[in-house]
């Protein structure tokens, strides 16, 4: 819709050596990032790893201290207006006006994009239909469900039909049904040629949607590959043991920590409910184990049938009842825990 979109570029987003500090704290330590045109790249990392800071720099909301970045072929520091004309941004907090109707919100954004009144109405109609909001077009946005508000927010970011879309944790707080609906919308945008950089806390979301996953840890890129390739790097299968009694979690974790199961290092999941589950006073956490007091599960890597037998024998001799045993192939959760073990 804007001639500035037409500049050809192979990589929609290209960053090299981005650095950023706040006070005496270095948040980005030389981030390199490439997002090919027409792809969806997911940016993962623990809280405070630098994901949102990276997005803010790439969308011209924050200047970098060092390094270079181009978006749609335009330098983010020297050609900020051109970058902003070529992108859409859906942030963690919805930006729609809850006092306006869905249609009024889209027409307002269209006006801010310098569309005429007739063109704004036509564009609002197109987006309301595309994002399945036509039936609710005349209702105030404040009366929308969480999923509907997020779809409206995403629609607003697409008013000017930008070729590049930044989604900063767009499904945070949504229920599973609303999240699945938004995934369908994102897949449709990707199929239509939109380039998407997605930050997310949900590893399943990255696994489902992304062509490539970039893991950031402590302000650096810890991994950059396809979801399948990253899972292959982890290697070992995961043994998941669901205990019959929640009160056995501490004993089971301590027992399994004495079994030499694997050299694969994974971080232990710390959870506020662990003390309530009776794990106060555990010995130092074995990096091979993860435990979840909510599901009463202990997860550990295994590399042979002998590892499986030794784990079950150890629990049997300790008098710990196991309700369910499952072998799982590696997931992005396993990749994430391994790559961010130091930060954890």
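Listed conditions (1) under 16 Å from residue 195 (Cβ atoms); (2) outside any strand (DSSP E or B); (3) modelled with pLDDT of 95 or more are all met by residue 84, apart from (3). The one condition from (1) closer than 17 Å to residue 337 by Cβ; (2) modelled with pLDDT of 70 or more; (3) not assigned by TED's automatic domain parsing to the domain that holds residue 35 that residue 222 does not meet is (3).
The residues of region 31-72 that are assigned to a loop (DSSP other than H, G, I, E, B) and touching a helix residue (DSSP H, G or I) at 6+ places or on another chain (Cβ under 9 Å), listed by number, are 38, 39, 45, 46, 59, 60, 61, 62, 63, 64, 72.
Of the set (1) surrounded by fewer than 20 Cβ atoms within 10 Å (Cβ to Cβ); (2) modelled with pLDDT of 85 or more, all apply to residue 233 but (2). Being farther than 21 Å from residue 173 by Cα and in a loop (DSSP other than H, G, I, E, B) is a property that holds for residue 77.
Regarding residue 124, is this residue in the same structural domain as residue 157 (by TED's automatic domain parsing), in contact with a helix residue (DSSP H, G or I) (Cβ under 7 Å, 6 or more places away or on another chain) and surrounded by 19 or more Cβ atoms within 10 Å (Cβ to Cβ)? So that I can check it myself, show each step before the final result.
Values: in the same structural domain as residue 157 (by TED's automatic domain parsing): yes; in contact with a helix residue (DSSP H, G or I) (Cβ under 7 Å, 6 or more places away or on another chain): yes; surrounded by 19 or more Cβ atoms within 10 Å (Cβ to Cβ): yes.
Answer is yes for this residue.
When 34, 68, 59 are checked against the criterion of being surrounded by fewer than 22 Cβ atoms within 10 Å (Cβ to Cβ), closer than 22 Å to residue 151 by Cβ and modelled with pLDDT of 95 or more, 59 stands alone in meeting it. Scanning region 191-207 for residues that are surrounded by fewer than 17 Cβ atoms within 10 Å (Cβ to Cβ) and either in a helix (DSSP H, G or I) or not assigned by TED's automatic domain parsing to the domain that holds residue 161 (or both) yields a count of 2. Just a yes or no: is a residue in region 236-245 surrounded by fewer than 19 Cβ atoms within 10 Å (Cβ to Cβ), touching a strand residue (DSSP E or B) at 6+ places or on another chain (Cβ under 8 Å), within 24 Å of residue 176 (Cβ to Cβ) and not assigned by TED's automatic domain parsing to the domain that holds residue 22? The answer is yes, given that some residue of region 236-245 is surrounded by fewer than 19 Cβ atoms within 10 Å (Cβ to Cβ), touching a strand residue (DSSP E or B) at 6+ places or on another chain (Cβ under 8 Å), within 24 Å of residue 176 (Cβ to Cβ) and not assigned by TED's automatic domain parsing to the domain that holds residue 22. Among the residues of region 11-25, those that are over 16 Å from residue 165 (Cβ atoms), modelled with pLDDT under 95 and not in a loop (DSSP other than H, G, I, E, B) comprise 22, 25. Any residue that is assigned to a helix (DSSP H, G or I) and crowded, with 17+ Cβ neighbours inside 10 Å - is there at least one of those in region 160-174? No, the conditions are met nowhere in region 160-174.
The residues of region 292-307 that are surrounded by fewer than 17 Cβ atoms within 10 Å (Cβ to Cβ) and not in a loop (DSSP other than H, G, I, E, B), listed by number, are 305, 306. Report yes if some residue within region 129-149 is modelled with pLDDT of 95 or more, assigned by TED's automatic domain parsing to the domain that holds residue 73 and surrounded by 19 or more Cβ atoms within 10 Å (Cβ to Cβ); otherwise report no. Among the residues of region 129-149, not one is modelled with pLDDT of 95 or more, assigned by TED's automatic domain parsing to the domain that holds residue 73 and surrounded by 19 or more Cβ atoms within 10 Å (Cβ to Cβ), which makes the answer no. If you go through region 101-117 and keep only what is touching a helix residue (DSSP H, G or I) at 6+ places or on another chain (Cβ under 7 Å) and either free of Cβ contacts under 8 Å to residues at least 12 places away in the same chain or not assigned by TED's automatic domain parsing to the domain that holds residue 134 (or both), you end up with just 111.
The values are calculated or read from the model by the stated rules, or taken from the named source; none is laboratory data. None of the values given here were measured: they were computed from a predicted structure. Glycine gets a Cβ as well: all are built from the backbone with ideal geometry, and neighbour counts include every protein chain shown.
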